[in-house]
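Here is the structure we will look at.
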Amino acid sequence: MKKTLLSAILMAVAVVPSMAQTMRVNMGNITYAHSAAQAGHMPFASATTLTIQGKSYNIADITSITIDNTPVADNTVSVAFNGSSAQVVVAGNVAQHLDVKVDGAHVAVLQSAALTNEITYTLSGSSTAGSFFMDGELKAALVLDNLTLTNPDSSAVKIESGKRLDIELKGTNTLADAVNGTHKGCLYLNGHSEWTGSGTLTLAGNTNHAIFADEYLRLANTFTGTITVTGAVSDGLHVNQYYKQQGGTVNITSQGDGIDVGITDKNKTDDGRFLFEGGTLTVTSSGIAAEAIKCDSVMLISGGSITATATGGGMYDTVEKSTKGATAIKAGTEFTMTAGVVNATATGSGGRGMSADTDFTVKGGSLTVVTTGSPFEYGSNDTKANGIKADGNIIIEGGSILVAASADKATAFKPTKRLLINGGTLMGIGAKESVPATASTQAFQRHTGITVVGGSPLTVGGVTFTIPSIYSNNGAYILVSSPNM
């Protein structure tokens, strides 16, 4: 048998000019594709193993060897899922550095520490009982190319390398994970991911998060695709270090936080920040006291369009010994907006539109904040559905700002320190009065007892805004200011 195999190889190589040949060593569901131009000397060792480009094959494990004219790009691994199985093709130049396992439609790849070539993994096809796992010590690229993949046991795709991962979306892709599992996310990324492409990705977190990223997640300005989270038991996107969006479209529906950006405690660049520079983001969170968008540090909005809605009710925090409402957008330290369009809505009891743990500053762009809930009360504690809450100053220096806070005991602007109106065109509506500091440099007017009708334009003091249809107030306090006042 071994002599027959050797003869077959030699005869096949002689058939086609070497520059056009690819030798495919087939071992069940794994194919190692060696370019004949690179193969060089292929020694047999004691007639039990065959070595090609540093990769040693046990002859007993080889199911066939074929030669064809179809080239395989260096530094690539392709995985084609097909029902209960998966076919893997590994480029010959990296074969010796990869340990590939296939169990049905579950594929696992371990990169050796000796690997020096960054590999591109392309996943395609469809399976309702499959997964992809990769670990190693080198940067890599992941291409999702018309992939439909469900793992009934754990994550659909799990990358454990802890290095940079370039992710490209092609065509239509769908990922689904197990229900009631122990894993952290449907798409698990241990490392920092940078996204490009024009395809779509739809996924849900049936156990926990839809996407768990242990380091930053960046949607580059070359990203024109769409990511849709149809539902998540916990967060839609749980990201450590920072979230940066420069392009593309993201739609999230979640029971927990829509996007939760945490601090890594490793002194990394932009740790805990939410950075929004372009693209479109729409988030709806429905959980009790959940935030549609939150970060543990700075939130910077400098372009693009954001719509954030929190519909959950309030809760009593037994650890903090205080009440808490759902918030559409929450910054862990300061919030700054210089451009773009932001719409923040909170409809549950005690639900706030936006909040910052230090200063809240608007320098430009268009900002609309609406709350409609009643106060959430627990014993002597309560949380009111204020429009914008800051544990520092609220500073308005430019832009167009409409804040309509709940007609039930809520305030449009609620700073711990001062409300400074230094520019911009604004209207703040609430059941309680918002009072700017005397240090404000732009003129303002305060009005009382105004009837506000949802869906209709309202002009007060020469400032006009169309009131969102879900809001009404029969006796509102209104604060207005503009450069022309």
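See the values below:
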read-out	value
Residues of the chain: accessible area per residue with a 1.4 Å probe, Å²	39 Å²
Highest-first arrangement of 58-65, 190-197, 322-329, 207-214, where packing means the average Cβ count within 10 Å	322-329, 207-214, 190-197, 58-65
Compactness relative to 2.2 N^0.38 Å, alpha carbon Rg of the range 280-414	0.96
Virtual spin-label span in nm between Thr466 and Asp68, 7 Å along Cα→Cβ	5.8 nm
Inverse mean reciprocal Cα-Cα distance (Kirkwood Rh) of the range 78-124, Å	11.3 Å
Net charge of neighbours whose Cβ lies under 12 Å from the Cβ of Ala410, counting Lys and Arg as +1 and Asp and Glu as -1	+3
Contact order normalised by residue count of the chain, Cα under 8 Å, 6+ apart, percent	6 percent
Burial ranking of peptide ranges 177-184, 151-158 (average Cβ count within 10 Å, highest at the top)	151-158, 177-184
The range 399-448: equivalent-ellipsoid semi-axes (sqrt of 5 x gyration tensor eigenvalues, Cα, Å)	18, 12, 10
Rounded accessible area of Arg352 (nearest 10 Å², 1.4 Å probe)	70 Å²
Accessible area, probe 1.4 Å, largest first, for residues Met427, Met42	Met42, Met427
Under-5 Å amide H pairs with Ala129, H placed in peptide plane, nonlocal only	Thr150
Rg/Rg_globular for the range 217-351, with Rg_globular taken as 2.2 N^0.38 Å and Rg from C-alpha atoms	1.00
Relative contact order %, the range 273-353, counting alpha carbon pairs below 8 Å whose residues are six or more apart	34 percent
Net charge of Cβ neighbours under 10 Å - reference Thr361; Lys, Arg +1; Asp, Glu -1	-2
Across Lys244/Lys417; Lys266/Lys321; Lys266/Lys414; Lys268/Lys414; Lys266/Lys294; Lys389/Lys432, pairs whose alpha-carbon gap is larger than 23 Å	Lys244/Lys417; Lys266/Lys321; Lys266/Lys414; Lys268/Lys414
Reduced Cα scattering model of the range 403-485, Debye log10 I(q)/I(0), q = 0.17, 0.20 Å⁻¹	-0.62, -0.85
The range 165-263 - percent of accessible surface contributed by carbon and sulfur, probe 1.4 Å	43 percent
Rough spin-label spacing in nm, given labels placed 7 Å along Cα→Cβ, for Ala129 and Ala439	6.8 nm
Of all accessible heavy-atom area on the range 338-417, the percent that carbon and sulfur account for (1.4 Å)	41 percent
Listed peptides 386-398, 265-277 by packing density, highest first (mean Cβ within 10 Å)	386-398, 265-277
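The values are calculated or read from the model by the stated rules, or taken from the named source; none is laboratory data. These numbers come from a predicted model, not from an experiment. Virtual Cβ from ideal backbone geometry, glycine too; neighbours counted across all protein chains shown. Keep in mind that these areas ignore ligands, DNA and RNA; they rest on the heavy atoms of the full protein, side chains included. Shrake-Rupley method; radii C 1.70, N 1.55, O 1.52, S 1.80 Å.
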